[in-house]
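Shown next, in C-alpha cells, is the structure this report addresses.
Just so it is clear, none of the values below were taken in a lab; they were calculated from the coordinates. Bear in mind the structure is a predicted one, so any value in this text is a computation, not a measurement. Cβ sites come from the backbone with ideal geometry, for glycine too, and all protein chains shown count toward neighbours.
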Amino acid sequence: MKSKLDRLPRQDLIFLPTPLVALERLSAVLRGPRLFIKRDDLTGLGLGGNKTRKLEFLLGEAISQGCDCVITGGAMQSNHCRQTAAAAAAVGLGCHLALGGEEPGSVNGNLLLDRLFGAVVYWCGPDRKGERIPRIAQDLHAQGHKPYIIPYGGSDPVGAMGFVAAIGELKEQLACLEIEPDAVVFASSSGGTQAGMVVGMDLCDLDLPVIGIGVDKGEAGDLPYETWLATLAGQLASRLGMPERYTEARFDVRKGYVGGGYGVVGDLEREAISLAARHEGVLLDPVYTGRAMGGLIDLIRKGEFDRTKTVVFWHTGGTPALFAYAGDLMVGR
Ligand SMILES: *Cc1c(COP(=O)(O)O)cnc(C)c1O
C-alpha cells in the first residue's frame with residue numbers, strides 16, 4: 001500500500017524531513033508534558049507551511065495533466081494562497097488567486113508575497129473560501145488556458161495525500177529520537193491536514209491520537225466538520241487501496257478556541273505567541289498556530305497532559321501573517 005502512495009504524481013518542493021525538536025524550556029514554564037515541535041514552518045519554499053506538503057501532490061497532478069496555470073482561493077492573508085503562488089512560480093505555472101475582501105490600501109504579510117511571486121489576484125468580497133474559482137476557471141478556459149483547480153486549503157483527496165506521507169516521515173523521526181508521544185496537536189481548518197494524518201497513522205500502523213484545534217467555526221460548507229473529515233479520509237484510503245472505513249468518531253476536533261472567530265486575535269493567541277517566542281525563540285502565527293498552541297496550553301492547564309506525557313505540536317506555518325497583525329499582537333504591551 002505504501003508503494004501506491006509512492007507512485008502518485010508528486011512535484012518535489014520541500015526540504016524533507018522538517019525538523020522534530022524538543023521544546024524543553026516551554027515544557028518547564030508550563031510545568032507540563034514533554035513537548036516536541038514538528039517544524040513545518042520550515043518546509044522551505046516561499047517562507048514555508050503545511051500547504052506545501054499538499055502542493056507537492058497537487059502540482060504533481062497539475063503537471064501530469066498538462067495544465068498551464070493553477071487557481072485557488074482563500075482569505076486575504078491566506079497562507080495556502082501564498083504557498084500556492086510560490087510553488088507555481090517554482091515550477092513555471094501561472095497562478096490565479098480568489099481572495100476574500102476588497103483590495104486594501106497597502107500590501108503586507110502573505111499578500112505582499114503573493115504579489116512578489118507574480119500571482120494574479122481577484123478580490124471577492126465576502127467569498128473567502130474560493131467560491132469564485134469556477135467563474136475564474138471559465139474565463140481562463142475561454143482565453144485558451146488549461147487551469148488546474150486547487151480547492152480551498154488544498155484539502156481534497158489529492159492534496160491531503162501530503163499529510164498521509166508526512167506521517168511516514170514522523171514515524172521515522174520518532175524512532176530515531178526513541179519517543180512514543182501520547183498525542184499530536186495542531187491547527188485544523190479545511191481538513192486536509194487532519195484527515196491526511198489520521199489515514200497516515202493507519203497506513204503506518206502508528207497508534208497515536210491526532211487532536212485538531214479548530215480555528216474556524218466547526219463546519220465545512222454545509223457539512224459538520226467531522227463529517228467532512230470522515231469523507232475526505234475515506235477518499236484518501238480508497239485511493240490507496242486501504243480497507244479502512246472512517247466515521248466522525250475517529251476525528252477529535254477541539255472547538256472551544258475560536259474566540260472572536262476566524263482570524264480574530266485574542267488573549268489566547270497573544271499569550272501562546274509570546275510564550276513560544278520568549279522561551280524558545282519560536283515564532284507562531286496569529287491565525288492558526290497561535291490559536292492551536294493556546295488550545296494546547298489550555299489542555300495542559302486542565303490536566304489532559306501532565307508531566308508524564310509527551311506531546312508533539314505540529315507547527316503548520318503561517319508566520320508571514322505576523323506582520324499583517326502587528327497591531328493586534330501589540331495590545332497591552
Ligand atoms: C491552512 C493552515 C492550517 C490548517 O490546515 P488544514 O489542512 O486547512 O486543516 C493550519 N495552520 C496554518 C498555518 C495553515 O495555513
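Condition first: part of a loop (DSSP other than H, G, I, E, B), without any contact (Cβ under 8 Å) to a residue 60 or more places away in the chain and either within 14 Å of residue 32 (Cα to Cα) or of a type in the set (Asp, Glu) (or both). Can you find one or more residues in the range 292-302 that meet it?
Yes, there is a match, as at least one residue in the range 292-302 is part of a loop (DSSP other than H, G, I, E, B), without any contact (Cβ under 8 Å) to a residue 60 or more places away in the chain and either within 14 Å of residue 32 (Cα to Cα) or of a type in the set (Asp, Glu) (or both).
Can you spot a residue in the range 47-58 that is of a type in the set (A, V, I, L, M), surrounded by 21 or more Cβ atoms within 10 Å (Cβ to Cβ), more than 30 Å from residue 304 (Cα to Cα) and in contact with a Pro (Cβ under 6 Å, 6 or more places away or on another chain)? Show your work before the answer.
So in the range 47-58, the residues of a type in the set (A, V, I, L, M) come out as 47, 55, 58.
Pick out the ones that are also surrounded by 21 or more Cβ atoms within 10 Å (Cβ to Cβ) and you get 55, 58.
Right, trim to more than 30 Å from residue 304 (Cα to Cα) and you get 55, 58.
Still in the running and in contact with a Pro (Cβ under 6 Å, 6 or more places away or on another chain): none.
No, the conditions are met nowhere in the range 47-58.
Does any residue of the range 202-212 turn out to be crowded, with 22+ Cβ neighbours inside 10 Å, touching a residue at least 24 places away in the same chain (Cβ under 8 Å), closer than 28 Å to residue 328 by Cβ and not β-branched (Val, Ile, Thr)?
Yes.
Considering 310, 316, 227, which residue is touching an Asp or Glu at 6+ places or on another chain (Cβ under 8 Å) and either within 13 Å of the ligand (Cβ to nearest atom) or aromatic (Phe, Trp, Tyr) (or both)?
On the way: 310 fails: either within 13 Å of the ligand (Cβ to nearest atom) or aromatic (Phe, Trp, Tyr) (or both); 227 fails: either within 13 Å of the ligand (Cβ to nearest atom) or aromatic (Phe, Trp, Tyr) (or both).
Only one candidate passes the filter, namely 316.
Could you tell me how many of the residues in the range 21-46 are hydrophobic (A, V, I, L, M, F, W, C), surrounded by fewer than 20 Cβ atoms within 10 Å (Cβ to Cβ) and part of a strand (DSSP E or B)?
2
For every residue, the table says whether it meets (1) away from the ligand (no atom under 16 Å from the Cβ); (2) closer than 30 Å to residue 222 by Cβ; (3) buried (at least 18 other Cβ atoms within 10 Å of the Cβ).
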| residue | (1), (2), (3) |
| --- | --- |
| 103 | yes, yes, no |
| 138 | yes, yes, no |
| 143 | yes, no, no |
| 149 | yes, yes, yes |
| 167 | no, yes, yes |
| 175 | yes, no, no |
| 188 | no, yes, yes |
